[in-house]
Amino acid sequence: MRKQFRDTVMDLAGQDDKVVVILGDISHFLFNPFQDKYPTRFYNMGICENALISITAGLSSQGFFPFVHTITPFITERSLEQIKLDMCYNQFGGNIVSTGASFDYAWDGATHHCYTDLAILRLIPHIEVLQPGSRKELDTLIRSQYRNGRTTYFRLSENPHNIDVPVQFGKASILKDAGAKLTVMTAGPILGNVFEACKDLPVNLVYFNTIKPIDKEVIARYRHTKILVIQDAHGLHEAICEVPELSVTCHGLPDQFCVWYGKLDDIRKMVGLDPAGIRKLVQSKLSA
Amino acid sequence: MAAMAPSCREIRRSILKASRASGNGHIPTSFSVVEMLCAVYETMKHDPANPKWPERDMFILSKGHSALGFYAVLAHYGYFKTEELNTFGAFQSRLGCHPDRFKVPGAEASTGSLGHGIAMAVGVALAFRMQNSPRRVFTLIGDGESNEGSVWESLMVATHLQLSNLTILLDYNRSQVRSLPIPNPAERFASFGCDTVEVNGHDLEALKKALAKTSVAPKAIIAHTVKGCGCPTLTANMFEWHRKSPNPEQFELLMKELEAA
């Protein structure tokens, strides 16, 4: 996904001289071609995330379309107030692109995990919160949103799914409508596991790439069913629950720090977000 | 101590009147920045009749709690009528206790949380350089604000990029003596790579001279100031008066002290 980010932004920079890249000392090797081609629009500013966001706001205030990029917890949780005030309250919009979704950096431990970013950022006015799950989704969403003047958060994952879904900003995709009494709703890369778990089960399946604004129209269409939200980060469930008169349960993350290492699949298995765990849960809902 | 310029005395009168009328305001910190703000607005390119003039220089008040002083200076230079100052902090006023760029003519950024304005100013300075623009950026920070790590992050980036179009004014009024002081600020800013000048922050001419000085690096003007400058009652009790509106008797006393300053 990071390579797609680089490729898309490289392409846009060729057409739009207002595109600027600000790195927090991550992905610098990946962006060497960008730096070579557009040296005056590339800044690896170092490990100072608070200032990075404010500086991004300053660039935006003068008509640039900046992409500021570094590791997820550092650019979101650490810099929350700068995002809230300097970008959103001041309406100096820009593109915040994180890398390392949820437990992508499993082996780095709890300091590098991030699962609150979507849920926290969606509470801020004047922001768009995106959770693309594949390279195609990322490419489409960047192109449609990057120069709209608003603050847009793109959450990159090192582990995208490989399912081809229709992509439109703010629109959920109905991947399966079986007329079932149970509707599974999910977002982002975990779709791969959800899709595999549910492929032969009698459920409806709805997929989101946009957490804010959430597609309330599609959600409301399934009001007459039981809704099961499956998520690997907080955010989708809370957004769905803004639609009134739903019957919603959520399968996501326990209220505890993940103090294990290993690989993403190890952690997903432990919290029941592997295909077998998801399937078992969905089957229990179906038989309830 | 330089004699107080008549214009600066008048601005301080406006601050006292607005605080009295509104029941709000950070008077001592507003008094400490008056000469700095006047020097900036007498140095930079700006047009009060056209606050969004595309060729203007930019000023960002990073220590947003000096808003009342900022508004009084903006009114003095013609951005809006002085009478509007008396609406300070009222529900539907344009003039809040921290500036809102969508409401206040001349306010380039909405500030209040410390350590943000200086970093936004770095971004603006970088943007001007990328545009090959001669426009300059000025930002005013406090010594209390300099407790924030983002101030030093901003300095590192600005000096690394050699943003010579950026001028940082430090209101060194020693308000942090009670908690985390910033001793030897000139040494600190110079060690981060700023072209650093120390001046009496209440000497209008010295400030203008420092602002006019050319630089190849970001410039830091360490302005030695007195919180509440002009009123001994304020300077002797700066913490008590940090955020306080005078009652009628206190107002009369402060006005008298100001006339005698």
Report the longest stretch of chain B that contains none of the GluC sites (Glu not before Pro) sitting in a DSSP loop with at most 11 other Cβ atoms within 10 Å.
B:56-239
Give the Cα extents of the range B:72-157 along the principal axes, in whole Å, largest first.
41, 32, 19
For A:L175, list long-range residues whose amide hydrogen, built 1.01 Å from N in the peptide plane, is under 5 Å from its own amide hydrogen.
A:L205, A:V206, A:Y207
Over 21 Å between Cα atoms: which of B:K63/B:K219; A:K226/A:K285; A:K181/A:K280; B:K52/B:K213; B:K52/B:K81 fall into that group?
B:K52/B:K213
Most fluctuating of B:N86, B:N247, B:N200 in the GNM of chain B (C-alpha, under 10 Å) is B:N247
Sparse-neighbourhood loop sites, trypsin sites (Lys or Arg not before Pro) in the range B:81-129 - DSSP loop, at most 12 other Cβ within 10 angstrom:
B:K81, B:K103
Tell me, rounded to the nearest percent, the portion of alpha carbon pairs in chain B spaced more than 24 Å apart.
43 percent
Considering only DSSP beta bridges with both partners in chain A, what is the antiparallel share in %, to the nearest 5?
15 percent
Could you give the angle, 0 to 90 degrees to the nearest 10, between helix A:2-15's Cα long axis and the longest principal axis of the Cα atoms of chain A?
50 degrees
Percent of all alpha-carbon pairs of the range A:173-287 at distances over 20 Å, whole number, is 37 percent
Over chain B, with a Gaussian network built from C-alpha contacts below 10 Å, which listed residue (B:P246, B:P181, B:P99) shows the highest mean-square fluctuation?
B:P181
With springs only between Cα atoms under 10 Å, which of A:I53, A:I211, A:I278 fluctuates most in a Gaussian network model of chain A?
A:I278
Find the Rg to Rh ratio for the range B:16-80, where Rh is the Kirkwood radius over alpha-carbon pairs and Rg uses the same atoms.
0.99
Would you list which aspartates and glutamates come within 20 Å of B:K209, measuring only between C-alpha atoms, while excluding same-chain residues fewer than 8 positions from it?
B:E35, B:E42, B:D57, B:D171, B:D195, B:E198
Given the candidates A:Q82, B:A206, B:F88, the one whose Cα lies deepest towards the positive end of the charge dipole of the protein assembly as shown, counting +1 at each Lys or Arg C-beta and -1 at each Asp or Glu C-beta, is B:F88
A:V19 long-range amide H proximity, modeled H, under 5 Å:
A:F65
Counting each pair of different Cα atoms once, what's the Kirkwood radius of the range A:1-56 in Å, rounded to one decimal?
11.5 Å
For a label point 7 Å along the Cα-to-beta-carbon line of A:A220, residues of the range A:149-183 with backbone N under 16 Å
A:171-172
Evaluated at q = 0.11, 0.15 Å⁻¹: base-10 log I(q)/I(0), Debye formula over Cα of the range A:2-156:
-0.36, -0.70
Computed over the Cα atoms of chain A, what is the ratio Rg over Rh, Rh following Kirkwood?
0.97
Working from Cα positions, state the angle (0 to 90°, nearest 10) between the long axis of helix A:275-287 and the longest principal axis of chain A.
40 degrees
Where chymotrypsin sites (Phe, Trp or Tyr not before Pro) fall in DSSP loop in the range A:1-108, at most 10 other Cβ within 10 Å:
A:F29
How much FRET efficiency would the formula 1/(1 + (r/R0)^6) give for B:E259 and A:D25, where r is the Cβ-Cβ distance and R0 is 56 Å, rounded to 0.05?
0.50
Helix A:49-61 sits at what angle to the longest principal axis of chain A, using alpha carbons and giving 0 to 90 degrees rounded to 10?
70 degrees
The range A:2-156: relative contact order as a whole-number percent, Cα under 8 Å and 6+ apart
23 percent
Under the Debye formula (equal points on every Cα, no solvent term), log10 I(q)/I(0) of the protein assembly as shown at q = 0.06, 0.09, 0.10, 0.13 Å⁻¹:
-0.36, -0.72, -0.84, -1.15
Have a look at the DSSP beta bridges in the range A:173-287 and tell me what percent are antiparallel, nearest 5.
15 percent
Final fewest-first order of B:S14, A:S157, A:S287 on the 10 Å Cβ neighbour count is A:S287, B:S14, A:S157
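The numbers here are math on the coordinates, done by the rules we state, and not lab data. What you see is a predicted model; the values in this text were computed from it and never measured. With ideal geometry, Cβ positions are generated from the backbone for all residues, glycine too; neighbour counts draw on all protein chains shown.
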